[in-house]
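The values are calculated or read from the model by the stated rules, or taken from the named source; none is laboratory data. Please read all numbers here as calculations on a predicted model, not as lab measurements. Don't worry about glycine lacking a Cβ; one is built from the backbone with ideal geometry, like all the others, and counts go over all protein chains shown.
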Amino acid sequence: MIEVHLYGDLRRHAQEKTPSSQSVVQLPIENYETVGRVLREIGIDPAEAGHIFLNHQLLNTRCSMGFWLGYQSAEGRIPAGGSYLDAPLRSGDRLGVFPTRMAMLIV
């Protein structure tokens with residue numbers, strides 16, 4: 001099982017869409033081995049995803065400041081010659097998906 005936590009206006013893809021809900025989608029890993037497959041299953045166009053975290057580490061961002069801000073990188077999960085969409089997922093993984101219109105936070 002993997003968990004996908006949706007933020008901002010991407011919450012519309014979760015079953016619970018209220019602002020007070022956690023907007024978490026749980027999927028069996030057998031059917032969704034990559035980040036790209038998970039996004040497609042949920043109905044998220046990759047162009048809508050501004051920042052993607054894998055297990056609390058930054059996998060992809062459209063913000064050039066992301067790594068400079070001190071976020072740990074999950075780039076090690078991206079296969080050689082592939083993109084973040086090809087990153088393999090494992091049981092217990094957690095994805096955090098933020099929309100392009102949501103700014104990054106300094107941690």
(request) Have a look at Asp45, Asp93 and point out the one that is modelled with pLDDT of 95 or more, acidic (Asp, Glu), closer than 22 Å to Gly8 by Cβ and touching a strand residue (DSSP E or B) at 6+ places or on another chain (Cβ under 8 Å). (result) Asp93
(message) Give me the residue from the stretch 21-39 that is in a helix (DSSP H, G or I) and more than 12 Å from the chain's Cα centre (by Cα) and, out of that set, modelled with the lowest pLDDT.
(response) Asn31
(request) Give just the number: which of (1) over 15 Å from Ile2 (Cβ atoms); (2) surrounded by 15 or more Cβ atoms within 10 Å (Cβ to Cβ); (3) out of contact with any Pro (no Cβ under 7 Å at 6 or more places or on another chain); (4) small (Gly, Ala, Ser) does Ala47 not satisfy? (result) (2)
(request) Would you please list the contacts, defined by Cβ atoms under 8 Å and residues six or more apart or on different chains, that run from a residue in the stretch 52-71 that is over 16 Å from Gly36 (Cβ atoms) and touching a residue at least 24 places away in the same chain (Cβ under 8 Å) to a residue that is among the basic types (Lys, Arg) and not in a loop (DSSP other than H, G, I, E, B)? (result) Asn55/Arg94; His56/Arg94
